[in-house]
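In what follows, a single structure is set out as structure tokens and then discussed.
The values are calculated or read from the model by the stated rules, or taken from the named source; none is laboratory data. Everything numeric in this text was worked out from a predicted model, so none of it was measured. Heads up, the Cβs are rebuilt from the backbone with ideal geometry, glycines too, and the neighbour counts pull from every protein chain shown. Surface accessibility is based on the protein's heavy atoms, side chains included, excluding ligands, DNA and RNA. Shrake-Rupley method; radii C 1.70, N 1.55, O 1.52, S 1.80 Å.
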Amino acid sequence: MTLADKIMERRKRAGWSQEQLAERLGVSRQSVSKWESAQSIPDMSKILQLSGLFGVSTDYLLKDEIEEADVTSDAGVMECDGEETSLRRVTMEMAGSFLEVKAMTAPKIAFGVMLCILSPVALIFLSGASEYGMIPIEEDRAAMTGLIPTILFIAAGVALFVSAGMKLGKYEYLEKEPIDTVYGVEGMVRDRMKKWEDTYRRMMVIGIGLCVIACLPIFIAGAIFRSDDDMPMILAVCLLLILVSAGVYLIVRASVTWNGYRALLEEGEYSRSHKKINRSVSGAYWAITVAIYLGSSFLSGRWEMTWIIWPVAGVLYGAIVEILETRSRNS
């Protein structure tokens, strides 16, 4: 192996991102990236630092013919090596295929979430319109009629989730297990990630903006119309859900694609320490969140309020993962 290959391999075996290794060496992430892509080589002082950090000899790093690491002193690296001898290797073809599937399923997943948020709009509108005589249908019949699109929207959303899940199923290990990418994969992923970054930022800004301004129709309706006239408020709630669904669509679509890059780079919530925690809590947590959302929404009928469960659950999940990771490091 070349020096570039050895630096990349040892960094990944230690479970560090390029940013984390750069911090330990006092250099920029770009410098580490150039070392690993063989665009430049570290000077001798950095070679000595790398030797100490990885627990290998300088001869191992500098001489291509030495393939087995001569471990010097770092027992932690030895333990890490022992744990990762069975890492699944990700080739350039596998990484490219995974990113293509992510890009293809992202709009489907996002649209499924959008449908779930939009599902009560017809029910809310028809029930309100019937109550205030806007349509010649009894209130009970209007509610039953409104339930039909509600159920169909939820069913369509679930079908999209299942379809996307089946396509992503064979790549599930990339997001849940430590991986070892072959030479060139990381450079390819970072190049694609950089090209997507502007689109990602734009979609996130617009999506978050739509969610923030979604409450404006309710404030406007309350300020303009009489307090005893509930129909404008009902229409405002429908508009709120439409704006929120559009914003969440953009956020989810951008995030699914972006997280595909992060999974291959093992960064952020897809770092190796996070993956261990995600495997144990993720499925149960989000299943409970869905149950709470649907249960509270149907029982209270306050669909205009219960959507807030999703952003709160997202923030809470991040906090739970950080707490569990901290406890794991300290134990």
Would you check if Ile124 is over 30 Å from Ser31 (Cβ atoms), in contact (Cβ under 8 Å) with a residue 40 or more places away in the chain, assigned to a helix (DSSP H, G or I) and open to solvent by 80 Å² or more (accessible area, probe 1.4 Å)?
no
Looking at the stretch 245-254, can you tell me whether even one residue there is at pLDDT 90 or above, under 17 Å from Gly207 (Cβ atoms) and surrounded by fewer than 19 Cβ atoms within 10 Å (Cβ to Cβ)?
yes
Quick check on the stretch 95-118. Is at least one of its residues of a type in the set (A, V, I, L, M, F, W, C) and free of Cβ contacts under 8 Å to residues at least 40 places away in the same chain?
no
I'd like to check something: does the stretch 14-31 contain any residue that is in contact with a Phe, Trp or Tyr (Cβ under 6 Å, 6 or more places away or on another chain), in a loop (DSSP other than H, G, I, E, B), more than 21 Å from Pro178 (Cα to Cα) and at pLDDT 85 or above?
no
Options Glu131, Glu186; residue that is of a type in the set (D, E, K, R) and open to solvent by 40 Å² or more (accessible area, probe 1.4 Å)
Glu131
If we keep just the residues of the stretch 159-195 that are under 15 Å from the mean Cα position of the chain (by Cα) and without any contact (Cβ under 8 Å) to a residue 40 or more places away in the chain, which is nearest to Glu267 (Cα to Cα)?
Glu172
Quick check, is Ala236 crowded, with 16+ Cβ neighbours inside 10 Å and either over 20 Å from the mean Cα position of the chain (by Cα) or in a loop (DSSP other than H, G, I, E, B) (or both)?
yes
When you go through Glu266, Glu304 one by one, which is the residue that is modelled with pLDDT of 80 or more, surrounded by 17 or more Cβ atoms within 10 Å (Cβ to Cβ) and not β-branched (Val, Ile, Thr)?
Glu266
Here are some residues: Arg226, Arg192, Arg253. Which one is farther than 18 Å from Leu99 by Cβ and of a type in the set (Lys, Arg)?
Arg226
Mind listing whichever residues of the stretch 42-61 are surrounded by 15 or more Cβ atoms within 10 Å (Cβ to Cβ) and among the aliphatic types (A, V, I, L, M)?
Ile47, Leu50, Leu53, Val56, Leu61
Would you say Tyr183 is outside any helix (DSSP H, G or I) and closer than 30 Å to Gln30 by Cβ?
yes
